[in-house]
Amino acid sequence: MTPAAAAIARFVAAAAEPSPPAAAESVAAPAGDAFIETTLLYSIDVGIFTIAIAILLCLARIIKGPDLVDRGVASDTVAVQVAALVLLITIRVESLIAFDAVLIVSILGFVSTLAFAQFIGRRRSVHQS
Amino acid sequence: MIDALFSLLETAELIAELGPAAADAAAVDPSAPAPLFTDAGLRDALAIVALLGGLFFMLVGSIGVYRFPDCYSRMHAASKCTTLGITGMLLAAVLHIWQLDVAGKGVLVLVFTFVATPVGTHLLAKAAHHGGAHQYAGTRSDELAQDKSDPGMAINDEQIGEVPPDELRGAVGHIPPPRPANPAETHPPAQPAGTR
């Protein structure tokens, strides 16, 4: 093996390994923090299940709803709950990629509610005339 | 008390003499016991509290959306649930991540939600009332229906597209017809006719 190839191999190995100071810092973190972190992760899992149950309740209202307005209200609620679900997943996977989706989902929910209201009013006036 | 103040003053003088390197040396005392929580841990604890509060509101609101008897009370449950629930979730996310741009986006989402949810619910409720949606049998008062059936109300939803009669054509505004004297009216007339 040439010395240049050995140097490249050493460089790659050093880049792949985690740096020792970071490991030392994580050892020095206090014990309460780990407990809080674990509790937060567990409560986020519980929250994802809770929001899933809430979305299922609203979907049942969308299916059952005797009137069109009930379906509109339930779909508005579902939009906000999907935004909350995206927030929880953002915390869970520790990446900020999904955080912008929260704003977009809530804007889409608002616009769909407006469209629903217009549709209900328009439908009634068409039936009337 | 006095001693503590005096030692604080001494420390400040020492820092002023020796510069910021001495400040670090004075702040970190190796003999002191290690703290149980750092700031990040405390912020995570607050995030747990906010998260559980938001989850409570969201679950309760969707149970209300499922169980309430008519669409108006369902709107009541839905708007409360979404506003408070997403407030708790956003607070939890901002407290856990703790970066300035995330906090800015969180405030943006919060302001948008607080503006958009009442507006959307109001429009939906107005369309529902306009379309004659089913009302719960125990509804106490429906003032919008009273106003719509009141001939003294100048502008209601039915009259907006109406062509005014010939003698009113060209007049400024749509002058309502005089209110008929009706002693059987359930609510007293608050204002004389024509001033609304």
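The values are calculated or read from the model by the stated rules, or taken from the named source; none is laboratory data. Computed from a predicted model, the values in this text were never measured in an experiment. Please note that ligands, DNA and RNA were not included when accessible areas were found on the heavy atoms of the full protein model with its side chains. Shrake-Rupley method; radii C 1.70, N 1.55, O 1.52, S 1.80 Å.
Tabulated values for the structure
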read-out	value
Heavy atoms of residue B:105 accessible to a 1.4 Å probe, total area in Å² rounded to 10	70
Buried accessible area, chains B and A (both chains, 1.4 Å probe, Å² to nearest 100)	4400
For the stretch A:36-64 and the stretch B:42-84, distance of Cα centres in Å	11
Protein-protein interface of the stretch B:60-79, residues with accessible area decrease of at least 50 Å², isolated chain reference, 1.4 Å probe	B:62, B:65, B:66, B:74
Heavy-atom accessible surface of the stretch B:77-121: percent carbon and sulfur, 1.4 Å	82
Residue-level accessible surface for residue B:134, protein heavy atoms, 1.4 Å, Å²	120
